[in-house]
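Q: There's a structure below that I have some questions on.
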Amino acid sequence: MLESRGIETDVGPLLVAEFRKLAHSVYQSPSYVLKYAKDRRENGLDSYAAFLDEAAEAMIGPKESWTKQIEKNYQPGAFNLQSPGNGIRNYVLFLGHLVRDFELAGPVLVKAYGMNLAHPNEYQLQNNFENSVGSSKFRSQFNKAYQFLKESQFLGDLDNFRTYPMSNVYRNSALGYVLYGFGNFSSSNRTRLVAQIKNHQPDTFGKAMILAYVNVANSTSNRGRRWSRKWKSISRPFQNCRMKGKRKSSLGLEACRMVVRFLRRSGRQRQRRALGMRP
């Protein structure tokens with residue numbers, strides 16, 4: 001693929017042309033693709049989303065054929081350079097490359113799960129996400145962390161709220177891992193991030209849920225390691241919440257009840273399934 005040499009021009013068409021040549025080879029995660037993606041993101045979310053679509057069309061085919069192609073040819077985690085599914089595999093590698101930078105990760109999650117490409121065997125996508133959101137960069141830039149929460153639809157309303165299950169990631173979902181990571185923020189950055197979430201408009205299901213967990217965590221302790229341990233446990237209901245079953249922990253149970261009460265009032269049973277609860 002072509003190396004970027006700092007020329008002031010849109011190299012997007014050149015990248016797309018190179019993506020088309022990968023039908024019988026393997027995407028190698030070149031650094032200049034990540035740089036170009038960041039440039040597109042700086043031009044706006046629509047521009048970045050368009051780049052994700054342009055890459056998908058180059059590697060998989062016309063947009064109207066994606067669903068059929070993926071259902072027929074997608075082989076999660078497998079390499080077969082002569083297979084019709086090799087382009088799909090390369091696109092998953094491309095998404096896994098972009099998710100290395102948490103500033104690019106939100107739309108990637110939306111795209112990967114929207115196209116049914118987030119299979120448990122796609123270790124690169126999940127591991128890179130875990131490393132990205134678990135990085136000191138994520139913890140130190142609360143403004144961009146808030147932007148990530150918005151773009152990932154974690155602050156969405158019932159119709160588009162997502163947790164993004166990830167069986168190989170700690171806490172078994174993208175949102176669970178993000179909440180777990182909140183405990184590693186400095187006190188000042190965590191306070192600033194929570195303030196931004198509180199000011200988020202409009203009021204949504206995702207906002208109410210995250211703040212409910214924050215309130216539960218704050219009610220346990222506000223000092224030292226004990227607070228941190230309690231904070232990290234707030235994401236567990238995404239995996240362990242059950243209408244019936246053994247009492248896991250008072251903190252997890254209370255957070256679980258908050259979610260259940262909200263969902264009962266909403267009457268949206270499918271959202272309970274999205275959270276990993278029994279219908």
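The values are calculated or read from the model by the stated rules, or taken from the named source; none is laboratory data. Keep in mind that what you see is a predicted model, and the values were worked out from it rather than measured. For neighbour counting, all protein chains shown are included, and Cβ atoms are generated from backbone atoms with ideal geometry for every residue, glycine included.
Q: Is there any pair with a first residue in the stretch 17-31 that is under 13 Å from Y91 (Cβ atoms) and a second that is surrounded by 15 or more Cβ atoms within 10 Å (Cβ to Cβ) and of a type outside the set (A, V, I, L, M) whose Cβ atoms are under 6 Å apart and which are 6 or more apart or on different chains, and what are they?
A: L22/N90; A23/G87; Y27/N90; Y27/F94; S29/H97
Q: Any residue in the stretch 142-158 that is charged (D, E, K, R) sitting within a Cβ distance under 8 Å of a residue that is assigned to a loop (DSSP other than H, G, I, E, B)? List the pairs, counting only those 6 or more apart or interchain.
A: K150/H200; D157/P202; D157/T204
Q: Give me a count of the residues in the stretch 29-67 that are loosely packed, with under 12 Cβ neighbours inside 10 Å and under 18 Å from the mean Cα position of the chain (by Cα).
A: 1
Q: Right, something else. Does A78 satisfy the criteria of being assigned to a loop (DSSP other than H, G, I, E, B) and more than 19 Å from the chain's Cα centre (by Cα)? Before you say what the answer is, go through the steps one by one.
A: Working: assigned to a loop (DSSP other than H, G, I, E, B): yes; more than 19 Å from the chain's Cα centre (by Cα): yes.
In short, yes.
Q: Which one of these does R89 not meet: (1) surrounded by fewer than 22 Cβ atoms within 10 Å (Cβ to Cβ); (2) assigned to a helix (DSSP H, G or I); (3) out of contact with any helix residue (DSSP H, G or I) (no Cβ under 7 Å at 6 or more places or on another chain)?
A: (1)
Q: Looking at the stretch 4-20, which of the residues that are over 15 Å from A50 (Cβ atoms) and modelled with pLDDT of 90 or more is surrounded by the most Cβ atoms within 10 Å (Cβ to Cβ)?
A: Per the stated criteria, the residue is E18.
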